[in-house]
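Trainee: Take a look at this one; I'll ask things after.
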Amino acid sequence: MSWEPKIAGFLCNWCSYTGADLAGTSRMQYPPNIRVIRLMCTGRMDPVFIFKAFQAGADGVLLSGCHPGDCHYQEGNFKALRRALLIKHVLKDLGIHPDRFRLIWVSASEGDRWARFANEFTATIRTLGPLHLTREAILGEASSSQAAHAT
Amino acid sequence: MINLSINGKTIEVREGTTILQAARALELRIPTLCFHPSLKPFGACRLCVVQSQTPRGYELTTACNVPCAEGMALETDTPHVREARRLVLEMMLARWPNVQAIRELADEFGITESRFSSESRDEHEDACILCLRCVRTCEELVGVCAISYEDRGMHRRVATPFDHESPDCIVCGACAHVCLTGHIRVMDDARREKGAPLEFPTGPTTSIYLKTLQAVPKVPVIDEDSCIKMQTGGCGTCFTVCEPGAIDYEQKPEEVEVDIGQILIATGFQLMDVRKLTQYGYGRLDNVYTSLEFERMLNATGPTSSRVLLKNGQEPRAVGIIHCIGSRDENHHRYCSCVCCMYALKFAHLVKDRTQAAVYQFYIDLRATGKGYEEFYHRLLDEGVIMIRGKAAEVVEAGWDKRDEGILLVRCEDTLIGRFREVPVDMVVLCPAFEPPYDVSEVGRMFTVSRSPDGFFLERHPKLDPMSTMSDGIYLAGACQGPKDIPATIAQAQGAAARILQLISRGYVEVDPIRAEIIEELCGGCRMCNNLCPYTAIEFIADKKVSKVNDALCKGCGTCVAACPAGAITGKGFTYEQIMAEIDGLFAKAS
């Protein structure tokens with residue numbers, strides 16, 4: 001089976017999650033590679049989540065929130081913006097390509113925008129290739145014994 | 001104490017009381033013109049004469065300026081008194097036949113015409129009748145003596161020194177106020193007397209004034225800067241005449257702190273500044289008004305007493321009402337301001353009612369959605385209002401010919417007949433867009449209420465909850481949430497009030513389970529979270545040196561949870577454990 005990008009998406013509940021939902025109900029086509037986690041606000045976004053996601057096996061992480069000025073909780077997305085800039089630096093230091101993490105703004109009515117970003121980002125990750133940051137990838141433990149434990 | 005009798009009734013008065021005061025205490029009618037309770041009696045009009053019995057027979061004496069004497073026997077309504085009054089009134093009628101105050105007194109005494117004719121006959125309704133109340137007020141109450149009387153006999157008149165503009169006049173308006181005929185008027189710099197005003201005054205006209213006749217509460221206020229009592233210590237007439245003693249010059253503004261549970265924001269709207277749309281000539285051309293100014297003109301308490309007048313005092317022959325100035329406009333506001341179509345129709349109806357003017361409406365669409373609105377529109381069509389479907393492009397002055405002076409041309413495309421038109425009108429009324437009020441961003445920040453893209457406050461849900469905001473306990477009503485008319489505003493306001501009462505009567509508040517909670521044992525008191533919270537829901541407990549989240553204010557956004565360096569804050573519903581587990585689950589190998 002050829003490799004498919006695995007992307008974690010952290011979406012804020014009020015704008016981006018609703019926007020992505022709209023994309024779905026509008027039957028817009030975008031790749032199924034993004035696996036979404038719902039947060040109430042991008043302000044909840046701790047950099048730890050991003051690194052955990054990469055460590056868990058994600059090849060890319062997409063963070064999506066309300067447009068600046070429109071945050072449901074007033075300023076949460078500005079906090080996310082500050083942290084995102086920091087994360088980009090740390091990712092570089094860790095040797096992860098900074099393009100594997102992206103912060104976008106999608107409002108509740110912008111289903112088409114979500115679909116477009118989803119397409120773009122998946123294509124980017126596909127070009128960058130798999131990350132192989134998981135424990136097993138680094139330590140090279142036998143995947144069959146891991147699978148036996150997992151079940 | 002002095003004893004005297006008037007019309008057979010005895011009365012005991014203090015020394016110094018005038019006959020007029022005594023008669024009024026007995027509720028007897030004595031007519032006066034030049035008398036004013038706050039001024040020293042003058043005895044100019046001679047109307048207040050009464051008959052007093054003397055050893056030599058009878059004597060006629062004025063009542064306003066004669067003090068009561070012991071044993072006086074006075075009559076206020078004998079044939080001699082009536083004849084004296086008749087003489088005075090006929091003389092006045094001969095000279096000032098149309099002054100209302102004199103006519104009323106003449107009617108009271110059955111006088112319809114005068115046997116005299118006067119060389120100085122003045123037929124104006126507002127002629128000066130030389131009662132000199134204005135002069136006496138300026139001298140006694142105001143203290144500046146800016147006007148006085150000059151010349152003698154038939155040529156006596158009230159004037160300023162040498163007829164020049166008096167440098168001492170403080171424009172208090174007291175003279176205009178006491179004038180019985182309206183001869184004195186307080187005017188603005190343009191010295192206009194008739195016609196529509198250049199500006200619609202909203203400031204005080206006297207130092208003590210009612211803001212509007214529909215003010216709530218309907219209580220006069222005193223403008224500190226122009227009040228003579230507050231500035232110089234003189235006058236104080238309002239305090240003297242106030243029977244309940246409701247005037248207190250010592251009042252100062254005070255700041256009051258009130259503990260509030262719920263808030264209803266009803267800060268209203270403002271009209272767009274249509275000077276920005278220079279093509280319509282507002283502020284540049286005469287007789288171009290905004291709807292609010294025109295509304296003021298139509299009001300019975302307005303500057304023209306509800307008549308529709310041009311600046312030159314004449315009635316317009318044609319009025320053009322232009323819809324959608326700044327609304328439904330890519331360059332300004334894309335939304336529709338909701339109420340303009342209906343008030344424009346109302347204006348048309350009132351103009352048709354009060355003048356002979358032709359009325360033109362320049363509209364894009366007619367939005368007549370409420371109860372009875374469409375029927376009202378049809379009524380107007382029957383009244384002959386001319387509806388032109390096409391947004392007016394500009395308002396220009398008519399051509400070079402002197403006959404066209406003052407005429408405005410409204411240029412538009414009449415889309416129903418497919419032609420460009422230039423419609424000549426005398427007056428143009430613009431319907432400006434509704435805008436959120438000037439302080440909307442400050443108010444929004446103060447109460448953490450967001451705004452929708454059009455700038456008005458954001459409701460929790462446009463269909464299912466238009467009167468709440470995302471913050472519990474803060475509600476919206478009226479035009480601050482979006483342009484709407486009066487019935488909709490009332491409905492929204494009553495609904496919001498009901499929601500507030502519901503919470504108050506319930507006695508408890510349900511708190512959303514998704515919120516933050518600080519674990520006291522882990523908190524290091526760094527206070528980083530305190531300033532991050534947009535709802536100021538985190539407070540620092542000084543004696544325990546830890547921070548604490550206010551459950552009622554916290555909205556559960558999680559910003560503090562992510563920021564806490566000690567990991568001391570639990571974001572209920574979205575804890576670290578939960579999210580980490582989700583991430584693991586997302587990328588777990590399928591079996």
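Trainee: Just to confirm the filter: which GluC sites (Glu not before Pro) across the range B:432-510 are DSSP coil and have at most 14 other Cβ within 10 angstrom of their Cβ? Write down the numbers at each step before the final one.
Mentor: Values: sites: B:Glu442, B:Glu459, B:Glu510; in loops: B:Glu459, B:Glu510.
Passing both the DSSP loop test and the Cβ count: B:Glu510.
Trainee: Okay, moving on. Under 14 Å from the Cβ of A:Lys79, count the other residues' Cβ atoms, weight Lys and Arg +1, Asp and Glu -1, and hand me the total.
Mentor: Neighbourhood net charge equals +1.
Trainee: Taking H as built 1.01 Å from N, whose amide H comes closer than 5 Å to the amide H of B:Gln361, not counting residues under 5 places away?
Mentor: Result for B:Gln361 returns B:Ile321, B:Ile386, B:Met387, B:Ile388.
Trainee: If each residue of separation counts as 0.36 nm, what is the full-extension length gain between B:His461 and B:Glu165 once their alpha-carbon separation is subtracted?
Mentor: Roughly 100.3 nm would be gained on extension.
Trainee: Loop-only check: which trypsin sites (Lys or Arg not before Pro) in the range B:423-483 are DSSP coil with at most 16 other Cβ within 10 angstrom? Present the calculation step by step, with values, prior to reporting the outcome.
Mentor: On the way: sites: B:Arg445, B:Arg451, B:Arg460, B:Lys463; in loops: B:Arg460, B:Lys463.
Loop-located and lightly packed - B:Arg460, B:Lys463.
Trainee: Determine the shape class of chain B: with a ≥ b ≥ c the square roots of the Cα gyration tensor eigenvalues, call it rounded for a/c under 1.5, and otherwise prolate if a/b is greater than b/c, oblate otherwise. Don't skip to the end; give the middle numbers.
Mentor: Values: a/c = 3.15, a/b = 1.69, b/c = 1.86.
It is oblate, given that a/c is not under 1.5 and a/b is not larger than b/c.
Trainee: Also: Remind me, relative contact order of the range A:1-53 in percent, using alpha carbon pairs under 8 angstrom and six or more residues apart?
Mentor: Value for the range A:1-53: 51 percent.
Trainee: Can you give the Kirkwood hydrodynamic radius of the range B:516-587 from its Cα pairs, in Å with one decimal? Mind dumping the intermediate values first?
Mentor: Working: mean 1/r = 0.0796 Å⁻¹.
Mean inverse Cα-Cα distance, inverted, gives 12.6 Å.
Trainee: Between B:Ile208 and residues 5 or more places away or on another chain, which pairs have amide H atoms under 5 Å apart, with H built 1.01 Å from N, and which residues are they?
Mentor: B:Asp223
Trainee: Step through the residues of the range B:153-169 one at a time and calculate ³J(HN,Hα) from phi using the Karplus curve (6.51 cos²θ - 1.76 cosθ + 1.60, θ = phi - 60°), rounding each to whole Hz and writing x for Gly and Pro.
Mentor: x, 5, 9, 4, 8, 8, 7, 8, x, 6, 6, 8, 4, 6, x, 8, 5
Trainee: OK, next. Would you kindly derive the ³J(HN,Hα) couplings of the range B:58-73 from the backbone phi angles with the Karplus curve 6.51 cos²θ - 1.76 cosθ + 1.60 (θ = phi - 60°), listing them in order in whole Hz, with x for Gly and Pro?
Mentor: 10, 9, 9, 9, 5, 8, 6, 10, 9, x, 5, 10, 4, x, 5, 10
Trainee: With a 10 Å radius around each residue's Cβ, average the other Cβ atoms per peptide and rank B:372-381, B:511-520, highest first.
Mentor: B:511-520, B:372-381
Trainee: Using a Förster distance of 30 angstrom, determine the FRET efficiency expected from the C-beta separation of B:Arg86 and B:Arg156, and round it to 0.05.
Mentor: 0.80
Trainee: So what's the convex hull volume per residue for the Cα atoms of chain A, in Å³?
Mentor: For chain A, the hull spanned by Cα atoms encloses 122 Å³ per residue.
Trainee: Excluding residues fewer than 8 places away in the same chain, name every one of the lysines whose C-alpha is closer than 16 Å to that of B:Lys463.
Mentor: Of all the lysines, those that pass the test against B:Lys463 - Cα under 16 Å, at least 8 places apart if same chain - are B:Lys484.
Trainee: Under 5 Å between amide hydrogens, which residues at least 5 positions from B:Ile541 or on another chain qualify, with H placed 1.01 Å from N in the peptide plane?
Mentor: Those lying under 5 Å, H to H, from B:Ile541 are B:Val546, B:Ser547, B:Lys548.
Trainee: Moving on. Hey, rough spin-label estimate for A:Lys88 and B:Thr415, points 7 angstrom out along Cα→Cβ, what's it come to in nanometres?
Mentor: 4.6
Trainee: For the range B:526-565, just say rounded, prolate or oblate: build the C-alpha gyration tensor, square-root its eigenvalues into a ≥ b ≥ c, call rounded for a/c under 1.5, and beyond that prolate if a/b exceeds b/c, oblate if not.
Mentor: Numbers: a/c = 2.16, a/b = 1.28, b/c = 1.69.
Since a/c reaches 1.5 but b/c is at least a/b, the shape of the range B:526-565 is classed as oblate.
Trainee: Sticking with this one: Which value in Å is the Kirkwood Rh of the range B:310-384 over different Cα pairs? Provide the component values of the computation, followed by the final result.
Mentor: Values: mean 1/r = 0.0743 Å⁻¹.
The answer is 13.5 Å.
Trainee: Using Cα pairs under 8 angstrom and six or more residues apart, how large is the relative contact order of the range B:440-506, in percent?
Mentor: Taking the mean separation of contacting Cα pairs over the length of the range B:440-506, I get 21 percent.
Trainee: Which ³J(HN,Hα) values, rounded to whole Hz and listed in residue order, are derived for the range B:461-467 from phi using the Karplus coefficients 6.51, -1.76 and 1.60 in 6.51 cos²θ - 1.76 cosθ + 1.60 with θ = phi - 60°, glycine and proline given as x?
Mentor: Working through the residues one at a time gives 8, x, 9, 8, 7, x, 10 Hz.
Trainee: So what's the net charge close to B:Tyr335: Lys and Arg +1, Asp and Glu -1, counting the other residues with Cβ under 9 Å from its Cβ?
Mentor: Numbers: positive: B:Arg328, B:Arg334; negative: B:Asp454.
Cβ neighbours under 9 Å give a net charge of +1.
Trainee: Can you work out the base-10 log of I(q)/I(0) for the range B:484-554 at q = 0.14 1/Å, using the Debye formula on its C-alpha atoms alone?
Mentor: -0.63
Trainee: Same structure again: What FRET efficiency would be calculated for the residue pair B:Gln578, B:Leu292, taking the C-beta separation as r and a Förster radius of 60 Å, to the nearest 0.05?
Mentor: Values: r = 55 Å, r/R0 = 0.92.
Working from the Cβ atoms, E equals 0.60.
Trainee: Where Rh denotes the Kirkwood radius from the mean inverse Cα pair distance, what is Rg over Rh for the range B:2-108?
Mentor: So for the range B:2-108, dividing Rg by the Kirkwood Rh gives 0.98.
Trainee: Contact order normalised by length for chain B, with contacts defined as Cα pairs under 8 Å and 6 or more residues apart; what percent is it?
Mentor: Result for chain B is 8 percent.
Trainee: Still on this structure: Quick check on the protein assembly as shown: what does the Kirkwood estimate of hydrodynamic radius come out to from the alpha carbon pairs, in Å? Before the final figure, lay out each step's value.
Mentor: Numbers: mean 1/r = 0.0294 Å⁻¹.
Kirkwood radius, the protein assembly as shown: 34.0 Å.
Trainee: Another question about this same structure. Quote to one decimal, in nm, the extra length available between B:Arg275 and B:Arg367 on full extension: 0.36 nm per residue of separation minus the C-alpha distance between them.
Mentor: 30.6 nm is the gain from fully extending B:Arg275 to B:Arg367.
Trainee: Enter the mean number of other protein chain beta carbons within 10 Å of the beta carbon of each residue in A:31-41, as an integer.
Mentor: Taking the mean over all residues of the peptide, I get 4.
Trainee: Reachable lysines from A:Lys6, Cα under 27 Å, same-chain residues fewer than 8 places away excluded?
Mentor: Answer for A:Lys6, where 27 Å is the Cα cut-off: A:Lys52, A:Lys79, A:Lys88, A:Lys92, B:Lys589, listed by chain and number.
Trainee: Tell me, what is the Rg over Rh of the range B:440-506, with Rh the Kirkwood radius over Cα pairs?
Mentor: 0.96
Only the coordinates and a few stated rules stand behind these numbers; no lab work does. Just so you know, these numbers come straight off a predicted model, no measurement behind them. Neighbour counts run over all protein chains shown; Cβ positions are idealised from the backbone, glycine included.
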